[in-house]
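The values are calculated or read from the model by the stated rules, or taken from the named source; none is laboratory data. None of these values were measured; they are calculated from a predicted model. Every residue, glycine as well, gets a Cβ built from its backbone with ideal geometry; the counts of neighbours run over all protein chains shown. Note: areas computed on protein heavy atoms with side chains; ligands, DNA, RNA excluded. Shrake-Rupley method; radii C 1.70, N 1.55, O 1.52, S 1.80 Å.
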Amino acid sequence: MLSLVHFSPPGATGEFMCALSPAPCCTSQLRVHTRIRQTFCSPPHSSTSSLVMNCSSVIKKLWCVHKQLILLLTPLIFLPLLFTLPEKEGKCLYVVLLMATFWCTEALPLAVTAMLPVCLFPTLGILPSKKVCPQYFLETNFLFLSGLIMASSIEEWGLHRRIALKVLGIVGVKPAWLILGMMMTSSFLSMWLSNTATTAMMLPIANAILESLFGDLETLKEKCKQPELRDNPVLNGQSSVKLHSLPLVASEKQSLSAENGADVTDSSDLWSADELQSESRYQLNVWKGFLICIPYAASIGGTATLTGTAPNLILIGQLKSYFPDCDVINFGSWFAFAFPLMLLFLFMGWLWISFLYGGLNTRLCFKTNDRRSQAEARARALILEDYRRLGPIKFAEGAISFFFVLFAVLLFTRDPKFVTGWSVLFKKGYVSDAVTGVIIVSILFFFPSEKPSLRWWSDPEAPKRPYVPLLSWKKAQDSVPWNIILLLGGGFAMAKACEESGLASWMGGHLQPMAQVPPAAAVMLITAFLACFTEFASNTATIIIFLPVIAEMALGASVNPLYFMIPATVGCSYAFMLPVSTPPNSIAFASGHLMVKDMVKTGIVMNILGVLSVALAMNTWGVAMFDLNTYPDWALAPNASTSNLTTPQQPSTSLTSN
């Protein structure tokens, strides 16, 4: 049986004591014995560790359901807004903050959150459904859709790969020039394709070139982190080691090199231990530079055209909603402003990435005949061989090239503002960029992918293959990211509600202190703030949330609204510091060869360069193109639905007057 359990007097040892006399007992009594000992005789640190483990388990379980908790708690947290603010403004702000939280946390899929206005605005009495639903397919959405369909046709026939290999063959294979070639190609393709598709297509090309230059990456990493090589008696003696070992069976790249007269396994290419580690680290650095420059260039290139990235289209849509008389920005005028900005930022980014990752050196200007030169010759052979394998340009590729150029030229020349465009041939205001885009991409669905021939009709032995157009609807349907189109629509619906509920005017009144900040400084602050915010949220969601606020800020400060809205739009695409910032960053990081610290180190300077580039563009050719020194008439007379906006008391005549 169990003896009496007793405790020591207080102050003796500060701990309870127990005495359990072992006695013959049954199994159940032994279990009681054991439980009592575990309860009263365990040391204090045991209970502490148990508590920590329990807390850790609870935290992990909470994280497993954190999205559901956000969905349940967020509406309750923002509920006081419905009772503390003016009725309509408070309801609209409630929905805006709810959607902003869901977008930033991705508690719901982005497209599902974008559809919330369809149910919340009518039920809360903010906006009737007949005004909400049309916002999901404005002409801006059709312009975006036409750009995506054109991009899918380019991908279908591999034209983008031909362009990429041609550019890389022209710029050369020295690391800095090759990084420049990668960035130029990625940015150009991203002007027309999605940033994500561009990155996904360019990374395999980059990896193939890098393997030809430096061999296998995993082997390279091992050589960088093997300090025991220095203590190896073989290496410290008269022997040395090769840069990278090659398999016995010649690979495709080695065969190419042999055909071009380069001996890949030249036994004279021997390295000492110190040289090996130094060279391996240099090569690994260059490899990182290659991988990191592609997503960055894709994000930069997307800003150059209206269809290149969603925030640009949101700017156009919200301008038409807030300022119906504003016709300053269209495809041509935006390209004329943003393309030089893209080139400037791309060049500065190239200098920084090449400097950081070892591409800038004297070898750029002088020819050498060393090991690196031989590796570069192999890489060039690989590029040329890949391009040769594509064969001559096919009829389908030529047709897609023609319609692609026609698409760009017609959009650019419709109404470029600095010269008379072809839109004057039609009734004023009837033909927009969306009309142009839909006309061109519609042709792709019936234009033949093979060269037509009259001989086919008269030749009974001609192959009777079915007619194949340049693009099928199934391919277009699979390629178009419909969730982004819904996201655009949700942004336009939110902007419409802010406008009609009076929330925009209410927020503008509370932003009057910002009018004291000089406009030039405000541009840099806005760009920097949004570039940082979009590191953690979708760039589309970011611009949807902040653009109405920035428009009201400009009205309150008596500044041309474009002077604040354009930098905000461009800044939303400058997310370089984190893998989660953009899909292109995530794709490059998923390769497993980049670390978060690599992206942060490179991205923070890229963000600074981006802010400076935007400030320079806005205060030089931007002022001249959009007449930013004067307050425009279209901002003085908003539409009837926004007549309650705060009208500037004294429009400024110069950006520096404030």
Distance histogram in 5 Å bins (all Cα pairs of region 522-639, percent per bin): 2, 12, 20, 19, 17, 12, 8, 5, 3, 1, 0
Accessible-area order (highest first, 1.4 angstrom probe) of the listed residues Tyr430, Tyr94: Tyr430, Tyr94
In Å², nearest 10: area of Val580 left accessible to a 1.4 Å probe: 110 Å²
Paramagnetic label zone (point 7 Å from Cα along Cα-to-C-beta, Val65; backbone N under 18 Å) in region 98-134: 107-108
Rounded accessible area of Arg389 (nearest 10 Å², 1.4 Å probe): 130 Å²
Semi-axis lengths (Å, descending) of the ellipsoid that matches the C-alpha gyration tensor of region 572-636: 36, 13, 8
Cα→Cβ-extended label distance, 7 Å offset, between Ser442 and Ser472, nm: 2.3 nm
Computed E for Leu79/Glu461 - FRET, C-beta separation, R0 51 angstrom, nearest 0.05: 0.10
Cα→Cβ-extended label distance, 7 Å offset, between Glu385 and Gln516, nm: 6.9 nm
Alpha-carbon Rg/Rh ratio, for region 485-580, with Rh computed the Kirkwood way: 0.98
Whole-number accessible area per residue in Å² for region 105-199, which is evaluated in the context of all protein chains at 1.4 Å: 34 Å²
Rg/Rh (Cα only; Kirkwood hydrodynamic radius) as it applies to region 557-599: 1.26
Average silhouette area of region 404-500, convex hull of alpha-carbon atoms, in square nanometres: 10.6 nm²
Spin-label model distance (nm) - Asn619 vs Val409, 7 Å beyond Cα toward Cβ: 3.9 nm
In sequence order, calculated HN-Hα J values of region 485-494 (Karplus, 6.51, -1.76, 1.60; Hz; x Gly/Pro): 5, 5, 5, 4, x, x, x, 5, 5, 5
Amide H contacts of Met115 (H built 1.01 Å from N, under 5 Å, at least 5 apart or other chain): none
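Give me the percent of accessible area attributable to carbon and sulfur for region 288-338, probe 1.4 angstrom. All intermediate terms of the calculation are to be shown ahead of the outcome.
Values: 330 of 650 Å².
Carbon with sulfur: 51 percent of the solvent-accessible area.
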Relative compactness, region 433-473, computed as alpha-carbon Rg over 2.2 N^0.38 Å: 1.56
Potential lengthening between Leu97 and Phe426 on full extension [0.36 nm per residue; Cα-Cα distance subtracted]: 114.1 nm
Rounded to the nearest 10 Å², the accessible area of Met606 at probe 1.4 Å: 0 Å²
